[in-house]
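Written below as structure tokens is the structure these notes are about.
The values are calculated or read from the model by the stated rules, or taken from the named source; none is laboratory data. From a predicted model like this one, the values you see are computed outputs, not experimental measurements. Here Cβ is always computed from backbone atoms with ideal geometry, including for glycine, and neighbour counts include all displayed protein chains.
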Amino acid sequence: MKVSARNVFKGTVSQVTPGAVNAEVELSFGGGEKLVAVVTMASLQSLGLAVGKEAVALVKAPWVMLMTDAEGYRLSARNCLEGKVLRVTDGAVNCEVVVQLPSGAEVFAIVTRDAVQELGLAAGVKATAVIKASHIILGVAS
């Protein structure tokens, strides 16, 4: 599968919480990391998402927010992945920041140069990648 999303996480559905319109789907990947996605009930059924099913989570890099000094804060965003900045690629307006998770998985984020400076993002700095559950697209092999 070739996609333009910089973040492609392969994993296994570990939990499904159905609702009237939407369902929460938890995908486990890497070294214990998890992502929670919100999908419609129609998507849940058409993709055949169920506990134990292999799936991929797609997240475009601009949908990933970054924070530092995250200790003591709770957010409404369901997905907060802690790691360390692996590298920062500088651009004219934006930068690509790669956060490496403890499992070795990498999360790509596109943030402004101002944000990189304000947060002190550089290789080796602790950072948390924040991803809203509604910004995750799930897919399965056909």
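Brief remarks on what is shown
- Of all residues making up region 89-101, the number that are touching a strand residue (DSSP E or B) at 6+ places or on another chain (Cβ under 9 Å) and surrounded by fewer than 18 Cβ atoms within 10 Å (Cβ to Cβ): 6
- Test: residue in region 108-118 that is touching a strand residue (DSSP E or B) at 6+ places or on another chain (Cβ under 8 Å), closer than 26 Å to Val13 by Cβ and not assigned by TED's automatic domain parsing to the domain that holds Thr12: yes
- Applying the set (1) modelled with pLDDT of 95 or more; (2) surrounded by 19 or more Cβ atoms within 10 Å (Cβ to Cβ); (3) within 20 Å of Ile137 (Cα to Cα) to Leu121 leaves exactly one unmet item: (3).
- Taken together, Gly139, Gly104 contain a single residue that is out of contact with any Cys (no Cβ under 6 Å at 6 or more places or on another chain) and exposed (fewer than 13 other Cβ atoms within 10 Å of the Cβ), which is Gly104.
- When restricted to residues that are of a type outside the set (Val, Ile, Thr) and surrounded by 11 or more Cβ atoms within 10 Å (Cβ to Cβ), region 68-79 contains 6.
- Only one of the numbered conditions (1) outside the structural domain of Gly19 (by TED's automatic domain parsing); (2) surrounded by fewer than 16 Cβ atoms within 10 Å (Cβ to Cβ); (3) within 23 Å of Ser28 (Cβ to Cβ); (4) out of contact with any Cys (no Cβ under 9 Å at 6 or more places or on another chain) is not met by Met65, and that is (2).
- Here region 35-94 is the region considered, the condition is being small (Gly, Ala, Ser) and touching a residue at least 60 places away in the same chain (Cβ under 8 Å), and the residue that is nearest to Thr17 (Cα to Cα) is Ala37.
- Residues in region 15-35 that are closer than 14 Å to Val51 by Cβ and of a type outside the set (Ser, Thr, Tyr): Gln15, Val16, Pro18, Ala23, Glu24, Val25, Glu26, Leu27, Lys34.
- Note on region 116-142: among residues that are more than 16 Å from Leu44 (Cα to Cα) and assigned to a strand (DSSP E or B), the one that is nearest to the chain's Cα centre (by Cα) is Ile131.
- Residue match in region 20-31 (condition: under 15 Å from the mean Cα position of the chain (by Cα), assigned by TED's automatic domain parsing to the domain that holds Phe108 and of a type in the set (Gly, Ala, Ser)): no
- Close contacts from region 108-122, counting a first residue that is at negative phi and a second that is not in a strand (DSSP E or B), with Cβ to Cβ under 6 Å and a gap of 6+ residues or different chains, come to Phe108/Arg6; Phe108/Ala61; Ala109/Ala61; Ala109/Val64; Ile110/Ala61; Ile110/Pro62; Leu119/Thr68.
- Enumeration of residues in region 86-115 that are in contact with a Ser or Thr (Cβ under 9 Å, 6 or more places away or on another chain) and in a strand (DSSP E or B): Asn94, Cys95, Glu96, Val97, Val98, Val99
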